[in-house]
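This report concerns only the one structure given below.
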Amino acid sequence: MNIENVKIQMKKGILEFCVLHIISRGEVYASSLISELKDADFMVVEGTLYPLLNRLRKAGLLDYKWVESDSGPPRKYYSLTATGFELLEQMNETWQGIERSANLIINNDKNKPS
């Protein structure tokens, strides 16, 4: 099994969660999302992000508005809907449970060789 493939699959599994978290802090432009994700070692490209944003919008979790730009065409800024905030809260609870369970398993010294 290739470790790079494992890393990619693990990150894909939580990408939506991270995107919702970033947007929950306030209106955000797609390139800002990509920049923050890359800063956190999520190597995300527009071809991955835009379909995800579109799916989240169609699911009623995101909204957007167009804002004129001084340096080019208008920009689309995303924000969470009330439904998006509710889902994110549930995802946070799930994440905390997964993290707690994984840490119990990872830190279990019972079966480690002495």
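We did not get these values from a lab; they are worked out from the coordinates using the rules stated. In this text the structure is predicted, and so the values were computed from the model without any measurement. Here Cβ is always computed from backbone atoms with ideal geometry, including for glycine, and neighbour counts include all displayed protein chains.
Enter the angle in degrees (range 0 to 90, nearest 10) between the Cα long axis of helix 46-58 and the first principal axis of the Cα atoms of the chain, meaning the one along which they spread out most.
80
Between (1) 1.14; (2) 1.09; (3) 0.95, which entry matches Rg/Rh (Cα atoms, Kirkwood Rh) as derived from the coordinates of this structure?
(2)
Within a Cβ distance under 15 Å of A40, other residues only, what is the Lys/Arg minus Asp/Glu net charge? Each step should come with its number before you reach the end.
Working: positive: K7, K11, K12, R25, K38; negative: E16, E36, D39, D41.
So the environment of A40 carries a net charge of +1.
Checking the cross-link filter: which lysines have an alpha carbon closer than 18 Å to that of K58, excluding same-chain neighbours under 8 positions apart?
Output for K58: K76.
Pick out, from F85, I8, S32, the residue whose Cα sits farthest towards the positive end of the charge dipole of the chain, with +1 on the Cβ of Lys and Arg and -1 on the Cβ of Asp and Glu.
I8
Give, rounded to the nearest 20 debye, the magnitude of the charge dipole that the chain has about its Cα centre when Lys and Arg contribute +1 at Cβ and Asp and Glu contribute -1 at Cβ.
Rounded to the nearest 20 debye, it is 340 debye.
Give me the angle, in degrees from 0 to 90, between the Cα long axis of helix 30-39 and the longest principal axis of the Cα atoms of the chain, rounded to the nearest 10.
That works out to roughly 30 degrees.
Have a look at L52, L61, L80 and tell me which one the Gaussian network model of the chain (Cα, springs below 10 Å) gives the largest fluctuation.
L52
Under 12 Å from the Cα of K11, which aspartates and glutamates turn up, not counting those fewer than eight places away in the same chain?
Of all the aspartates and glutamates, those that pass the test against K11 - Cα under 12 Å, at least 8 places apart if same chain - are D41.
Take A82 and F17, extend 7 Å from each Cα along the Cα→Cβ direction, and tell me the distance between the two endpoints in nm.
Output for this residue pair reads 2.7 nm.
I'd like the FRET efficiency for D39 and N108, computed as 1/(1 + (r/R0)^6) with the beta carbon distance as r and R0 of 41 Å, rounded to 0.05.
0.80
Most fluctuating residue of R25, R100, R75 in a GNM of the chain with Cα springs under 10 Å: which is it?
The residue with the greatest mean-square fluctuation here is R100.
Using Cα pairs under 8 angstrom and six or more residues apart, how large is the relative contact order of the chain, in percent?
Computed value for the chain: 25 percent relative contact order.
Measure nothing fancy, just the Cα-based angle from helix 82-106's long axis to the longest principal axis of the chain, in degrees from 0 to 90, nearest 10.
That helix lies at roughly 20 degrees to the long axis.
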